[in-house]
Amino acid sequence: MTEKKPVSRASKTPAAKTPTKRPAPTKRPAPAKASAPEPPTRRSTRAAEPPTRRSTRAARQPAVESQSPIGDSIETGLDMGSGPVPTTIAELKALHTTEIEIPLSTGEVVVTAVAESVESAGQGQYELNEIPTRRGRQRGVVSSVPEPVAMLTPDRVLEVTREVIRPEGFPNNAIYWSTLGLVNRGDSPAVLHRKATDLAMSRHFQGGSRYVPVLTRKGGVGKTTTTALLGMALARVREDRVIAIDANPDRGTLAERFPKSTDKTVRDVVTQASSIQSFTAFSDYISRDRNRLDVLASDTDPLLSEAFDENDYNVVADIVSKYYSVVLTDCGTGIVHSVMKATLERANGLVIVSGGSFDEARLAAETLTWLESNGYADLVRQSVVLINTATQGTNLVNLKEIENHFKSRVREIVRMPYDPLLAAGSVVEWDRLKPHTRAAARELAALVMDGLE
């Protein structure tokens, strides 16, 4: 009897591959906030997948309530889209979701709701994929949805055109035109200096008129001429009114340097002050030259001029302060006269005129000493000294040493060169002056305006 051998199960059934064991998926804890089940979104479906490297790292470092300034939820207004699960506050802010839950036990992020529309003031609601924007849109292309009023900005509507400033002065102007505008080196140094001087002279002041006396203790050094040149230079540039008052009690000659249009003087202004209530009424008492400088003459009768005192000057000064921004005063040689006291009390700046000779410079220096000794030291330090080199004896002295002396006591020094038109002592015409004379007058005017407060 033949013995039967046992047949194995493997021999009866076909060979099968041994299945590989996979680790069971890790279950995520339920959200802390209980809510009704919602259809899974793209983000919520990803949240059910096995944890990624980012979420595992978040799990190893659970969020702490004191370290999470955003709290349990954030309300924003745009769809999160696809991408990695956010783990930082910056990433959460970038999602712009309506509500994000952060369970404190695990630190995982669960999205419960996503905005689907945005409301615009006065324009209704827009779907997120239909919010109007000009980014990526070519100029002239109409938006497919109505634009909110906030998109109508000045930068979008106004056409800004850049003005090409052509240079002034040789040779920069010649280079600009020879290269058809391709090379613009700007204004020449001389033009830049002229524009800077104009800017200083046209300085605007707040708080009333500015008074600038022109004085010295010696006559014949060009004090009246300096007042005329200073006033002309300022009136030609400034847009407001400038007036020069002849306050010389010994019959001044300021009005003789300009074409006269009236015979009225400061005495007439004092006697009829109550009737002057407008600039039109006051203009009957002044003469105006072609440079727009107004001049108020002094009395021609020496007997009447002696009556012009401190009170009279204050009356005139109060009237002109209503209509003028800069008031120049041509003072006499009597420094102790009562008019001088009223003039210095109102002064905001000061111009001291000195000749080029030794005795003229010495008297100008003594004038500074008298002012310092009588309570005007601050005014002296801010004053400007003009040295008139057209006087006799100038070629026999060292002007540099005279300037060094005054520089130690005042703010600025200006030299006035010789000009035959000024030496004649007649009517001063600005356009007929030498170029260096006009340049010196403009420099004086700019320095005086720079020192006014």
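The values are calculated or read from the model by the stated rules, or taken from the named source; none is laboratory data. None of the values given here were measured: they were computed from a predicted structure. Methodologically, a virtual Cβ is constructed for each residue, glycine included, from the backbone with ideal geometry; neighbour enumeration extends over all protein chains shown.
Does Thr437 satisfy the criteria of being within 21 Å of Leu192 (Cα to Cα) and either β-branched (Val, Ile, Thr) or touching a residue at least 24 places away in the same chain (Cβ under 8 Å) (or both)?
Numbers: within 21 Å of Leu192 (Cα to Cα): yes; either β-branched (Val, Ile, Thr) or touching a residue at least 24 places away in the same chain (Cβ under 8 Å) (or both): yes.
So Thr437 passes the test.
In the range 204-218, which residue that is within 16 Å of Val385 (Cα to Cα) and within 32 Å of the chain's Cα centre (by Cα) is surrounded by the fewest Cβ atoms within 10 Å (Cβ to Cβ)?
From the range 204-218, those within 16 Å of Val385 (Cα to Cα) are 212-218; that's our starting set.
Still in the running and within 32 Å of the chain's Cα centre (by Cα): 212-213.
Working: Val212: 28, Pro213: 24.
Checked the range 204-218; the qualifying residue surrounded by the fewest Cβ atoms within 10 Å (Cβ to Cβ) is Pro213.
Which of the residues that make up the range 219-259 are within 20 Å of Phe282 (Cα to Cα), among the charged types (D, E, K, R) and crowded, with 24+ Cβ neighbours inside 10 Å?
Passing the criteria: only Asp246.
Leu386 fails exactly one of the following numbered conditions: (1) modelled with pLDDT of 95 or more; (2) part of a helix (DSSP H, G or I); (3) under 15 Å from Gly222 (Cβ atoms). What is the number of that condition?
Of everything listed in (1) modelled with pLDDT of 95 or more; (2) part of a helix (DSSP H, G or I); (3) under 15 Å from Gly222 (Cβ atoms), Leu386 misses just condition (2).
Can you list the helices (runs of 4 or more DSSP H) found entirely within the range 249-361 that contain at least 3 residues being in contact with a helix residue (DSSP H, G or I) (Cβ under 8 Å, 6 or more places away or on another chain) and hydrophobic (A, V, I, L, M, F, W, C)?
Working: elements: 266-271, 279-282, 302-305, 310-320, 338-346.
Output list reads 266-271, 310-320, 338-346.
Which one is farthest from Met449 (Cα to Cα), of the residues in the range 182-223 that are among the aliphatic types (A, V, I, L, M) and assigned to a loop (DSSP other than H, G, I, E, B)?
Of all residues in the range 182-223, those among the aliphatic types (A, V, I, L, M) come to 182-183, 190-192, 196, 199-201, 212, 214-215, 221.
Of the ones still in play, those that are also assigned to a loop (DSSP other than H, G, I, E, B) are 182-183, 221.
Working: Leu182: 38, Val183: 36, Val221: 23 Å.
My answer is Leu182.
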